[in-house]
Amino acid sequence: MEKYSIFGGKILSGEVIISGSKNSSLAILPACLLIKGKVTLRNVPNLKDVRFMLQVIESLGGEFTFEDNTVEIDTSSLKSFIASYEIVKQMRASIYVLAPLLHRFGEARVSLPGGCAIGNRPINLHIKGLKDLGVEFQLEHGYIEGSVDKMKGQEIYLDFPSVGATCQLILAGVLAEGKTIILNAAKEPEIEDLCNFLNKAGAQIEGLGTNSINITGVVSLSGCEHSIIPDRIETGSFTLLGAAVCEDLVIKNIIPTHIEAVIDKIKETGVSITQEKNTIRIKRTARPKNIDIKTLPYPAFPTDLQAPFMSFLSTSDGFSIIHETIFENRFHHVAELNRLGADIKTEGQTAYIKGVKQLFGAQIMASDLRAGFSLVLAGLMADDETIINRIYHIDRGYENLENKIKKLGGDIKRIK
Ligand code: UD1
């Protein structure tokens, strides 16, 4: 298994260019299953999760090429409506194929995802919404089997603004008969990107970026071109890296409004951030002020940046509190940060961080993607060498991470 070796405690500087959004790509690629015709997607990040979603589509009969961050994809001749346990257990977002397969075949057999490191992550809201549109389900041997003649538009209220359920129901509504209205929908920018893509393909979706999405079903969708939005979580990750260890960091190819809550919170710690249209500039302070954070659905502070922000606050001048409200088990990084000398305690969904003056290198282990980045950041902040095990988690969602950090002057190496 590969590891990172990081010699931290250095002050970095330079420019970084943000890649396309992982989560947009993971919703838009399965959306291609709804389209009989060629689709061209640009600014697609070359990530393990994206390559895996392409394999899922190939296993169903879709054809693609993926070069220079451009995917050309054609799913005209699908041959299978089954997404197996082997596929879904490797990546939960594979569940997005459910609604498209129901449209293409009138039936679908998809493995239930099961839990993962950060929580139970049920799909009850996906299933309830699809049932409202007329899909009948049965559960057999760990698989959900759905069938439907033709989905019929309905008003669907989500008990919680789930990103996954909102995407799934948009994929269902665009080809359903009549109007589908999703109330209390998630408002994440990746969902807006999915809707913009589908509208280019001929869908009729209104209320983009709001919590009430109105879809008028159409008979078919056709091939189109689309460029994926910049990854706001990678943007936030590098903004924190700048705040923690950079004399002067310029981050390019971003949409600053997508990470306003994060920028505000970083500024509250005393870090200087200036922004222009697609760029921000960050200059670290010697020691950040302590602040409190609560994770919530977009546009509030994102759960995906909770772990990296905790690394940043681990050396703050005071006592900070982070409350995680989205996932029930998202503090695996705490024990690893404490191995580096941080002083963090947790009680339920709350972490209490007593800032220390300095972190020190040690052997640590990534438990999931964002916890993985939080450890890279902590390794860059720590004195001496930090070895991070299980970096395959990080490869799922950060394109060229070590090269981007090396260009800033960071001492990070992948060890085979
Ligand atoms: C997506 C993102 C992930 C991000 C998360 C929250 C992708 C591929 N992943 O995950 O990076 O951390 O949004 O911003 O886009 N829930 C239910 N029932 C459901 C669905 C969800 O109870 O049917 C719960 C989940 O267990 C969780 C919460 O709702 O506690 C949020 O989940 P959701 O917004 O659906 O996140 P994902 O789509 O899984």
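Within segment 387-396, not a single residue is over 21 Å from residue 242 (Cα atoms), touching a His at 6+ places or on another chain (Cβ under 7 Å) and surrounded by 15 or more Cβ atoms within 10 Å (Cβ to Cβ). Tell me, yes or no, whether segment 288-297 has at least one residue that is buried (at least 19 other Cβ atoms within 10 Å of the Cβ), closer than 27 Å to residue 188 by Cβ and out of contact with any strand residue (DSSP E or B) (no Cβ under 9 Å at 6 or more places or on another chain). The answer is yes; a qualifying residue exists.
Among the candidates 268, 276, 247, 225, the residue that is among the charged types (D, E, K, R) and within 22 Å of residue 9 (Cα to Cα) is uniquely 247.
Scanning segment 2-27 for residues that are farther than 26 Å from residue 302 by Cβ and assigned to a strand (DSSP E or B) gives 3, 5, 7, 13.
Residue 68 fulfils the conditions (1) within 27 Å of residue 134 (Cβ to Cβ); (2) open to solvent by 50 Å² or more (accessible area, probe 1.4 Å); (3) free of Cβ contacts under 8 Å to residues at least 24 places away in the same chain except for a single criterion, (1). Restricting attention to segment 140-180 and to residues that are closer than 19 Å to residue 220 by Cα and of a type in the set (Val, Ile, Thr), the residue that is most open to solvent (accessible area, probe 1.4 Å) turns out to be 148. Count of segment 279-321 residues, restricted to those that are assigned to a loop (DSSP other than H, G, I, E, B), farther than 18 Å from residue 241 by Cα and away from the ligand (no atom under 16 Å from the Cβ), is 1.
In this entry, residue 188 passes the filter for residues that are open to solvent by 10 Å² or more (accessible area, probe 1.4 Å), over 15 Å from residue 132 (Cβ atoms) and touching a residue at least 60 places away in the same chain (Cβ under 8 Å). Report yes if residue 331 is within 30 Å of residue 211 (Cβ to Cβ) and either in contact (Cβ under 8 Å) with a residue 60 or more places away in the chain or charged (D, E, K, R) (or both), otherwise no. The answer is no for residue 331. The set of residues in segment 226-249 that are open to solvent by less than 20 Å² (accessible area, probe 1.4 Å) and either farther than 20 Å from residue 409 by Cα or touching a Gly at 6+ places or on another chain (Cβ under 9 Å) (or both) comprises 226, 228, 230, 231, 233, 234, 241, 245, 246, 249.
Across segment 369-386, not a single residue is classified as open to solvent by 60 Å² or more (accessible area, probe 1.4 Å) and either within 16 Å of the ligand (Cβ to nearest atom) or touching a His at 6+ places or on another chain (Cβ under 8 Å) (or both).
The values are calculated or read from the model by the stated rules, or taken from the named source; none is laboratory data. Quantities reported herein were computed from a predicted structural model and do not represent experimental measurements. Heads up, the Cβs are rebuilt from the backbone with ideal geometry, glycines too, and the neighbour counts pull from every protein chain shown. Protein only, heavy atoms only, side chains kept; ligands, DNA and RNA dropped before computing areas. Shrake-Rupley method; radii C 1.70, N 1.55, O 1.52, S 1.80 Å.
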